[in-house]
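Structure first, then comments.
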Amino acid sequence: MAFARPKKREPVNEAELFDYALGLLARRMRTVRDLRRLMKNRAREGEDGERDMARVVERLTELNYLSDTRFAQDYTRLRKENQGFGRRRVQQDLALKGVDKELAASTVTAAFEDTDEVALARTFCERKRIQPPSGPERQKQTVRVMNRLMRAGYSSTAIFKLLGSWKVEMPEPSSDAEVETEHDEELPDF
């Protein structure tokens, strides 16, 4: 059975586009870029649609319903407090949401200014039930914990401090650089 194609919607005027945008913002906070992307499917094509979208965004901004700054602050606070993510992860997520890089960097810096990253990583591990590595596959478990914390946005310094507080031996770096040096010395000069 084939999937039915979605019906082609008729383009809407500025007033209907405004109502649509209000409905979107009532469900979830959004960035200007995200709202424009969603409105583009409903707006008229060409310059008329672009002009309508610009007016809607301008009006929503004037009414204080739409603000990338407020979105960045709220999103950063929620990701930090509720999900326990680190600075780097929150900043990457903001960039993916369409927040300006400078605004994202300043917001994240302000939010994480007085935060102990090691304590935040420890809380993240408790919430996700990440146990200190133990047993015969201790080194593999250590690497898994490190990778998980890196994906959560924690700095390598905080990760190593956390693992050190767990009395975990750090995995040895691969000696590929030493191997390459040995091979380079053995090559004859031409």
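Structure summary
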{"read-out": "Within segment 132-149, considering residues that are touching a Phe, Trp or Tyr at 6+ places or on another chain (Cβ under 9 Å) and outside any helix (DSSP H, G or I), the one surrounded by the most Cβ atoms within 10 Å (Cβ to Cβ)", "value": "133"}
{"read-out": "Considering residues of segment 103-117 that are surrounded by 13 or more Cβ atoms within 10 Å (Cβ to Cβ) and not β-branched (Val, Ile, Thr) only, the residue nearest to residue 156 (Cα to Cα)", "value": "117"}
{"read-out": "Residues that are among the β-branched types (Val, Ile, Thr) and over 20 Å from residue 168 (Cβ atoms), drawn from segment 96-154", "value": "99, 107, 108, 109, 115"}
{"read-out": "In segment 53-73, residue nearest to the chain's Cα centre (by Cα) [restricted to those that are assigned to a loop (DSSP other than H, G, I, E, B), at negative phi and free of Cβ contacts under 8 Å to residues at least 40 places away in the same chain]", "value": "67"}
{"read-out": "Long-range neighbours under 6 Å by Cβ, at least six apart or interchain, first residue closer than 11 Å to residue 56 by Cβ within segment 1-28, second acidic (Asp, Glu) and surrounded by 10 or more Cβ atoms within 10 Å (Cβ to Cβ)", "value": "14/52; 17/52"}
{"read-out": "Of all residues making up segment 9-52, the number that are of a type in the set (Lys, Arg), in a helix (DSSP H, G or I) and surrounded by 18 or more Cβ atoms within 10 Å (Cβ to Cβ)", "value": "1"}
{"read-out": "Restricting segment 83-102 to residues that are of a type in the set (A, V, I, L, M, F, W, C) and crowded, with 16+ Cβ neighbours inside 10 Å, the residue that is farthest from residue 35 (Cα to Cα)", "value": "85"}
{"read-out": "Residue check for residue 76: in the same structural domain as residue 99 (by TED's automatic domain parsing), closer than 16 Å to residue 98 by Cβ and either over 28 Å from the mean Cα position of the chain (by Cα) or surrounded by 15 or more Cβ atoms within 10 Å (Cβ to Cβ) (or both)", "value": "yes"}
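The values are calculated or read from the model by the stated rules, or taken from the named source; none is laboratory data. Small disclaimer: the values here were computed from a predicted structure and weren't measured. FYI the Cβ positions are ideal-geometry reconstructions off the backbone, even for glycines, and counts take in every protein chain you see.
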